[in-house]
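Colleague: Attaching a single structure in structure tokens format; questions to follow.
Readers should treat all values here as calculations from the given coordinates under stated rules, not as data from a laboratory. Everything quoted here is computed from the prediction, not taken from an experiment. Note: ideal-geometry Cβ built from the backbone for every residue, glycine included; neighbour counts use all protein chains shown.
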Amino acid sequence: MKKCLSCEKPFESEKWVCPICGFDPPAHGPFRLFAPELSKENEGFHVEDFDILDRLEKGHFWFESRNRLLSWALRKYFPSAKTFLEIGCGTGYVLSWIEKTNPRLRLSGSEIYESALPHAQKNVQNTQLFQMDARRIPYEDEFDLIGIFDVLEHIQDDEKVLSQMNQAVRKGGGILITVPQHKFLWSDADKFGLHVRRYECRELKEKVEKAGFKVIRSTSFLSFLLPLMLASRLMSGRKIEAKGAKMELDIHPVLNRLFGWITNLERLFIMAGVRFPFGGSLLMIAQKSDEVG
């Protein structure tokens with residue numbers, strides 16, 4: 001069900017013109033703009049980094065391992081899901097992976113930056129894309145699943161986003177979240193990446209439950225590489241600003257293959273039911289509570 005962002009009323013329609021107040025969200029080319037005032041620039045991300053990400057994501061061990069983990073989690077915990085929205089889809093790399101590995105899903109992707117959407121459009125085949133502020137989602141009870149992957153840490157009002165996700169998910173549906181973990185890993189890399197925070201598992205769990213979800217699985221990942229990550233953060237220091245987003249993504253091919261093997265092994269443990277308490281990232285899977293929403 002769509003939700004008018006002008007009069008706040010839900011409605012059923014193939015079109016976006018509100019039948020109650022007549023509001024019609026603007027569009028730019030193929031993309032509907034639900035928060036055009038934020039589509040060019042805001043404080044959450046360096047828009048020039050989308051070009052870098054588009055070049056470096058493919059084949060990079062971190063993105064590949066996260067995609068494999070997410071694809072498995074989708075099939076494992078929500079096997080009957082038919083609709084999926086990714087908030088903050090960036091270059092569309094996650095969506096392109098889900099298209100290939102979970103073809104049953106009808107996919108949508110949102111991004112606050114309009115400049116990212118052409119990148120995403122190039123990388124996906126059958127996904128609806130639109131510009132949106134995650135604090136004002138124009139849907140109610142619409143999606144079986146919503147994913148937000150390494151985006152929540154960029155948003156000051158993360159609880160508002162989680163509440164909006166609850167509004168947009170159907171009863172019995174769920175959410176998948178990945179975030180950077182552990183405050184002790186905070187470094188200049190987080191500052192340059194415009195992170196507002198790194199999470200602890202208990203903190204995120206409390207916020208997710210407050211929004212009306214029940215956590216059904218959580219685990220750290222990048223656990224086997226945590227010592228190396230900590231050492232890298234301690235040593236990188238002043239190089240961050242000069243190299244920007246490229247710094248932590250530009251990795252020697254030999255190391256990339258080695259780290260890919262390590263993260264693949266780690267994923268097998270997670271798939272077998274192991275819960276890692278420590279790791280550079282956190283995966284949380286939750287289901288919409290029957291009592292809330």
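Colleague: Among Met1, Met235, Met284, which comes first, then next, by fewest other beta-carbon atoms within 10 Å?
Modeller: Ordered by Cβ neighbours within 10 Å, fewest first: Met235, Met1, Met284.
Colleague: Any idea which of His252, Thr263, Asn126 is furthest toward the positive side of the dipole for the chain, if Lys and Arg beta-carbons carry +1 and Asp and Glu beta-carbons -1?
Modeller: Thr263
Colleague: Ranking request for peptides 93-99, 183-189, 58-64, 126-132: highest mean number of other beta-carbon atoms within 10 Å first, then the rest in descending order.
Modeller: For the peptides 93-99, 183-189, 58-64, 126-132, the packing ranking is 93-99, 126-132, 58-64, 183-189.
Colleague: Relative to the longest principal axis of the C-alpha atoms of the chain, give the angle of the C-alpha long axis of helix 226-236, reported between 0 and 90° and rounded to the nearest 10°.
Modeller: The helix 226-236 is inclined about 90 degrees to the chain.
Colleague: Using Cα pairs under 8 angstrom and six or more residues apart, how large is the relative contact order of segment 166-233, in percent?
Modeller: It comes to 36 percent, rounded to a whole number.
Colleague: Next question. Working out 0.36 nm times the residue gap between Arg257 and Lys100, then minus their Cα-Cα distance, what length gain in nm do you get to one decimal?
Modeller: Taking 0.36 nm per residue and subtracting the Cα distance, the gain is 54.3 nm.
Colleague: Would you list Trp16, Trp261 from fewest to most Cβ contacts within 10 Å?
Modeller: Lowest count first: Trp261, Trp16.
Colleague: Evaluate the relative contact order of the chain (contact order divided by residue number), counting alpha-carbon pairs under 8 angstrom at least 6 apart; express in whole percent.
Modeller: RCO, the chain: 19 percent.
Colleague: How do Cys89, Cys7, Cys201 rank when sorted from fewest to most other Cβ atoms within 10 Å of their own Cβ?
Modeller: The order, fewest Cβ neighbours first, is Cys7, Cys201, Cys89.
Colleague: May I pose another question? Going by a 4.7 Å Cβ-Cβ cut-off, which cysteines of the chain have no partner at all?
Modeller: So far as the 4.7 Å Cβ criterion goes, Cys89, Cys201 stand without a partner in the chain.
Colleague: Distances over 23 Å make up what percent of all Cα-Cα pairs in the chain?
Modeller: Above the 23 Å cut-off, the chain has 54 percent of its Cα pairs.
Colleague: Please get the size of the charge dipole for the chain, origin at its Cα centre, with Cβ charges of +1 on Lys and Arg and -1 on Asp and Glu, quoted in debye to the nearest 20.
Modeller: My answer is approximately 960 debye.
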